Every structure is written in C-alpha cells, then in structure tokens.
1. For the pairs Lys228/Lys265; Lys156/Lys186; Lys138/Lys186; Lys76/Lys138; Lys145/Lys186, flag any whose C-alpha to C-alpha distance is greater than 18 Å.
2. Would you mind counting up the charge near Val56? Only other residues with Cβ under 15 Å from its Cβ, with Lys and Arg at +1 and Asp and Glu at -1.
3. Counting heavy atoms of the protein chains only and a 1.4 Å probe, report the per residue accessible area for the chain as a whole number of Å².
4. Can you work out D for region 163-265 in µm² s⁻¹ from Stokes-Einstein, where Rh is the Kirkwood radius over C-alpha pairs, the temperature is 10 °C and the viscosity is 1.306 mPa s?
5. Between Arg187 and Ile218, what is the FRET efficiency for a Förster distance of 30 Å, r being their Cβ-Cβ separation, to the nearest 0.05?
6. Quick one: putting +1 on the C-beta of Lys and Arg, -1 on the C-beta of Asp and Glu, what dipole do you get for region 201-265 around its Cα centre, in Debye to the nearest 20?
7. Share of region 144-265's accessible area from carbon and sulfur, percent, 1.4 Å?
8. Specify which residue in the list Gln146, Asn125, Gln209 is farthest towards the positive end of the charge dipole of region 94-246, using unit charges on the beta carbon of Lys, Arg (+1) and Asp, Glu (-1), about the Cα centre.
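The values are calculated or read from the model by the stated rules, or taken from the named source; none is laboratory data. For clarity, every value in this text was computed on a predicted model and none was experimentally measured. Here the Cβ positions follow ideal geometry from the backbone for every residue, glycine too, while neighbour counts run over all protein chains shown. Just so you know, the surface numbers come from the protein's heavy atoms only, side chains and all, with ligands and any DNA or RNA stripped out. Shrake-Rupley method; radii C 1.70, N 1.55, O 1.52, S 1.80 Å.
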Amino acid sequence: MEEIRYLVWNGSINVQVEVDSPMFIEGVPDSNKRIKFWVPRNCYITSCLNSVLRQVETVLKYRPTEILSKMWFEYKGRALPWTIPLGVLYDSHHLVKHGYPEQFNENFINIWEIKLRYSKELPSNVIPLINGEEQVRKFVMHQWKQSCFILNGSSKQVMSLSVSDTDKLWTGMLGNDISSFNEVAKRIIPKTPRRVPLVVIDTRIEPLQIRQPNMEDIPFTDFLTRCKTDRVLCQGIELGAETGSLFDIYKAMYSFDGYLYVVIK
C-alpha cells in the first residue's frame, strides 16, 4: 500500500501554458507567451498560475495582484476550476479522450496544452482567486474538515490539529513532501470509515458531471456496478474489476485534500 501511495504522490504532468495575448505589453513574441514546465498531479492548478506569472511578470500590462481575480485556465474552450486537483482535471479533460501513446517511445513527451485567460467576467464554474495562496490554503483545510466528517462522523480530528500540524499538512502538499503530509493525514483517517470521501466525475455526460455521492465502504466491483461502468481512472491509473473495497482504493489513492477522485470513462 505504501509503495502505491508513493508512486501516486510522485506522479507529474508536462504542461504548456499559453498566456492570453491581451495581458502582455505590445511587441512580446508569441513564443514568449508559451511556458512549459512539469507540475505534480497532487496540487491545484493555482500552482501553475504562480509558475507562469513569475516567468512573464516583467512583460505584463498589469501587476499580477491587480488581475489575479480575473484569470482562469482553459482547455479547448472549457474553463478549468482550480478547486479540482490538477491531475484529475488532466484525466477527465485530456487523458480520457486521448489516452496514452499506444507504443512507448522514449523520444515522445506527452504535453497538456492549456491557456491562461483574462477577462473582467469569469466563467460560471470558476471561483475567483481573491487572496491567492491563503485562499487556497483555507480551501484545502475546508476540504479536509469535510472529508474528516465523512470518514469519522465528526470533524474533530481536523479541528483539534495544532497550528504546527496544520502547517505540516499544508507545506507537505505544497512542497510535495509525502512524509510530512502522511504524518498528519494518518491521524485523520480511521481504520474503519463511516463513509468514503468521494468525488465522481462522469465524462460520458456533456458537460462533465461532478458529484459527491454519500458512499459506504463497499467492494470496488459493486462500486463499478453502481456507476454502470467496468473501468475508471484514478490518479491517472485505469482501474477495472479490482479486488478489495472502495476504502482500500481510497487509502492508496486519496488526494492531498482528503478526497478520492474517480473519473468514469
């Protein structure tokens, strides 16, 4: 279980971000508007935002703090909400449709091409970023309180964390440090759950349907039956009729915000 957990945690995605032209001063070459880097699967897409803005800040028309609440990421015309982990967004928008290369080629690099958009009007599914990293941190802790309640029937395991433990959970996620993260997370997750914190993204429906079912710990094959599918994606891994329970999958593959994200194909 621990080996799978480490493999999942250390997964990453190659990303190219094309920054909206209206954000730049005149004369900036198009090649300078495309930024390439790798991003951990276990983060929000706001991590991309910080990386991009650092590289283009000197040629923008505005200070990043002035336009932070009016920016969002987009893939093929679809706004990407920052409240869903980046790896899950990639799986549900790109990997489900395009899949992995049929044959491995050591010279092939799969790059997810997305856009950073700017406008006074945000898409309806995007929550504006007002306070930057502090807002993201509060949202992560809110998610943990919710997932803790689902797991235990109470949020006291999270509410009783010390300031240093809360910092360790956050910095472990932010710095991709699974050891620090696990040290705190293992005190929240019980041996036997009341329910399983679950987010299901159904890609068979347009637009994508995102729901949070109130699901007890059941055999994973029963979960597939309820979803009327024989395969799903979880953390970029295709799962079929796996042995074990939904909680077994959760313990191996839950995200940094305490939820298990399942993408139905």
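1. Lys138/Lys186; Lys76/Lys138
2. Local charge sum for Val56: +2.
3. I get 52 Å² per residue for the chain.
4. The Stokes-Einstein estimate is 108 µm²/s.
5. About 0.75, to the nearest 0.05.
6. The dipole of region 201-265 has a size of about 180 debye.
7. Of the solvent-accessible surface of region 144-265, carbon and sulfur hold 49 percent.
8. Gln146
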